[in-house]
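The values are calculated or read from the model by the stated rules, or taken from the named source; none is laboratory data. The model shown is predicted, which means the values in this text are computed figures rather than measured ones. No Cβ is skipped: glycine too gets one built from the backbone with ideal geometry, and neighbour counts run over all protein chains shown. Surface areas here come from the heavy atoms of the whole protein model, side chains and all, with no ligands, DNA or RNA. Shrake-Rupley method; radii C 1.70, N 1.55, O 1.52, S 1.80 Å.
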Amino acid sequence: MGKSNPFSFRRSNSGSTTRRRRTTKKQGESPLLLSQQSANTPSPSSPQNAGDVAATGSGGKPMGAALVKPKKKTGARLWMRFDRSGESEIFECDKNTIIKRAGIPARDLRILGPIFSNSSNILAREKAMVVNLEYIKAIVTAEEVLLLDPLRQEVLPFVDQLRHQLSHKNHFNTSGNQGGRQLALRDTESNLSASGRWLPVPETAEGLQAELPFEFQVLEIALEVVCTYLDSSVADLERDAYPVLDELAKNVSTKNLERVRSLKSNLTRLLARVQKVRDELEHLLDDDEDMTQLYLTRKWLQNQQSEALLGGVGSNSFPNNGHHLRRLSSVKSGSMLTSGNLNDNDVEDLEMLLEAYFMQLDGTRNKILSVREYIDDTEDYVNIQLDNQRNELIQLQLTLTIASFAIAFETLVAGLFGMNIPCRLYDIEGIFEPFVIGITAASLLLFLIVLGYARWKKLLGS
């Protein structure tokens with residue numbers, strides 16, 4: 001028993017104790033060291049090891065970096081940028097970048113989303129103007145335009161017209177810029193009196209600055225495209241409406257009624273779209289404060305002047321020249337401010353612009369209302385025609401009812417004599433034919449009497 005058995009439980013217990021000690025020693029190591037060891041130890045199933053295997057060839061030689069697919073931006077939408085010169089670029093951008101770039105709150109960007117696709121809004125903010133007119137969704141600043149979904153079929157006319165007009169005006173301003181600046185500078189020097197005060201600028205210099213600011217140029221193009229589109233839609237509606245209504249007036253059928261119903265649905269939707277744009281312009285015209293906030297170029301120039309004043313750029317005579325600084329800035333920057341625009345509360349240019357398109361939309365609305373009145377008149381005519389036919393059917397029914405009453409009287413007399421009751425008339429020869437003729441004549445007379453009474457009471461037409 002003193003000899004140890006190689007297969008005894010004591011030996012196996014000592015071996016398991018040694019393994020437990022090694023495990024305890026490994027568990028006692030630092031977690032940081034273990035994590036470093038696990039990170040440095042390649043795993044055949046790990047993605048990193050798979051990438052290393054793909055990056056190295058036979059013999060451990062590198063074969064190039066592993067291809068990694070770029071992550072797609074979540075919530076990115078297609079935008080097009082236009083600057084003052086008409087240059088454009090298309091890029092994808094998310095809403096946070098647009099918010100930081102345009103300086104607008106997030107709730108204004110939601111207006112350009114699909115939820116408010118059927119609404120029409122023109123919102124003024126500190127540095128931008130949010131335009132949502134029909135299918136045109138844009139953010140306009142004093143220096144650029146950010147257009148959403150520019151590749152849509154409906155937006156392409158606006159893109160082409162915006163590029164064409166901005167490029168044309170930029171070419172015109174570039175060709176006439178040198179002479180205009182020299183003339184403006186000569187007028188500036190000639191209007192400076194000996195006392196150092198600015199005198200009124202002549203009308204020639206005013207004509208150089210009679211152009212609208214950049215944001216109003218974009219707004220004018222948007223309104224023009226939208227109004228033209230609505231006018232063409234109304235013209236198509238009129239062209240399809242009158243033949244359908246004339247056909248319905250001639251022949252009241254299910255097919256014609258269905259065509260008129262579809263026509264009325266299209267008219268109602270088109271009227272609602274025109275009414276939304278018209279109401280938005282009317283709201284702006286009724287509120288001078290909102291129109292003042294739309295002058296982005298004016299506010300941009302004021303900010304530039306404030307920064308120049310705070311930075312101490314001007315000399316001691318700078319306050320005297322501050323009144324004319326806006327004119328020079330408008331000539332150099334092409335912001336097209338007139339002398340009346342120097343007043344912060346002056347909204348005459350914008351008011352005239354909005355009133356012109358408001359009147360055009362009002363005319364478009366009147367066209368739609370005239371078509372709707374024609375539809376109502378046609379429906380009234382059809383209803384009158386149907387009522388007339390209904391009255392004729394009622395008269396026919398009344399006439400047949402009177403005839404049935406007269407025949408029922410004759411049938412009653414015949415039924416009474418058809419009973420097997422003894423009667424003296426049965427013994428008279430040749431009484432049958434005169435009796436039948438008499439009963440028939442009495443029934444006819446009853447019919448004429450009741451019919452004459454109905455005509456006397458005007459229950460039947462003449």
### Query
Taking the stated definitions as given, is THR141 surrounded by fewer than 18 Cβ atoms within 10 Å (Cβ to Cβ) and of a type in the set (Ser, Thr, Tyr)?
no
### Query
When you scan segment 58-97, how many residues do you find that are among the aliphatic types (A, V, I, L, M) and modelled with pLDDT of 90 or more?
3
#### Entry: Looking only at segment 404-420, and only at residues there that are open to solvent by less than 80 Å² (accessible area, probe 1.4 Å) and out of contact with any helix residue (DSSP H, G or I) (no Cβ under 6 Å at 6 or more places or on another chain), the one that is nearest to ASP246 (Cα to Cα)
SER404
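Residue under question is TYR295, and the condition is that it be closer than 22 Å to LEU212 by Cα, surrounded by 12 or more Cβ atoms within 10 Å (Cβ to Cβ) and touching a residue at least 24 places away in the same chain (Cβ under 8 Å); does it hold?
Numbers: closer than 22 Å to LEU212 by Cα: yes; surrounded by 12 or more Cβ atoms within 10 Å (Cβ to Cβ): yes; touching a residue at least 24 places away in the same chain (Cβ under 8 Å): yes.
Answer is yes for this residue.
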### Message
Looking only at segment 356-373, filter to residues that are closer than 22 Å to ASP246 by Cα and not hydrophobic (A, V, I, L, M, F, W, C); which one of those is surrounded by the most Cβ atoms within 10 Å (Cβ to Cβ)?
### Response
LYS367
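I'd like to check something: does segment 208-227 contain any residue that is open to solvent by less than 20 Å² (accessible area, probe 1.4 Å), of a type in the set (D, E, K, R), modelled with pLDDT of 50 or more and part of a helix (DSSP H, G or I)? So that I can check it myself, show each step before the final result.
Taking segment 208-227 first, the residues open to solvent by less than 20 Å² (accessible area, probe 1.4 Å) are 209, 213-219, 221-223, 225-227.
After this cut, where a residue has to be of a type in the set (D, E, K, R) as well, the list is 215.
So of that shortlist, the ones also modelled with pLDDT of 50 or more come out as 215.
Restricting the remaining residues to those that are part of a helix (DSSP H, G or I) gives 215.
So far as segment 208-227 goes, yes, one or more of its residues are open to solvent by less than 20 Å² (accessible area, probe 1.4 Å), of a type in the set (D, E, K, R), modelled with pLDDT of 50 or more and part of a helix (DSSP H, G or I).
Among the candidates LEU270, LEU284, LEU263, single out the residue that is open to solvent by less than 30 Å² (accessible area, probe 1.4 Å) and within 24 Å of LYS127 (Cα to Cα).
On the way: LEU270 fails: within 24 Å of LYS127 (Cα to Cα); LEU263 fails: within 24 Å of LYS127 (Cα to Cα).
One residue alone meets the criteria, LEU284.
To keep it simple, each residue is scored yes or no on (1) assigned to a strand (DSSP E or B); (2) modelled with pLDDT of 90 or more.
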| site | (1), (2) |
| --- | --- |
| ARG101 | no, no |
| ARG107 | no, no |
| ASN118 | no, no |
| VAL131 | yes, yes |
| LYS137 | yes, yes |
| LEU147 | yes, yes |
| PHE158 | no, yes |
| GLN161 | no, yes |
#### Entry: ILE115, sole failed condition from (1) more than 17 Å from LEU281 (Cα to Cα); (2) without any contact (Cβ under 8 Å) to a residue 24 or more places away in the chain; (3) crowded, with 18+ Cβ neighbours inside 10 Å
(3)
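Quick one: would you say LEU310 is out of contact with any Gly (no Cβ under 9 Å at 6 or more places or on another chain), among the aliphatic types (A, V, I, L, M) and open to solvent by less than 30 Å² (accessible area, probe 1.4 Å)? Walk me through how you get there before you give the answer.
Working: out of contact with any Gly (no Cβ under 9 Å at 6 or more places or on another chain): yes; among the aliphatic types (A, V, I, L, M): yes; open to solvent by less than 30 Å² (accessible area, probe 1.4 Å): no.
So LEU310 fails the test.
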### Task
Consider ASN321 carefully, then state whether it is in a helix (DSSP H, G or I), out of contact with any Phe, Trp or Tyr (no Cβ under 6 Å at 6 or more places or on another chain) and modelled with pLDDT under 95.
yes
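From LEU451, LEU350, LEU393, grab the single residue that is under 30 Å from GLU224 (Cα atoms) and not in a loop (DSSP other than H, G, I, E, B). It would help to see each step written out before you state the result.
Details: LEU451 fails: under 30 Å from GLU224 (Cα atoms); LEU393 fails: under 30 Å from GLU224 (Cα atoms).
Testing whether each residue is under 30 Å from GLU224 (Cα atoms) and not in a loop (DSSP other than H, G, I, E, B) leaves just LEU350.
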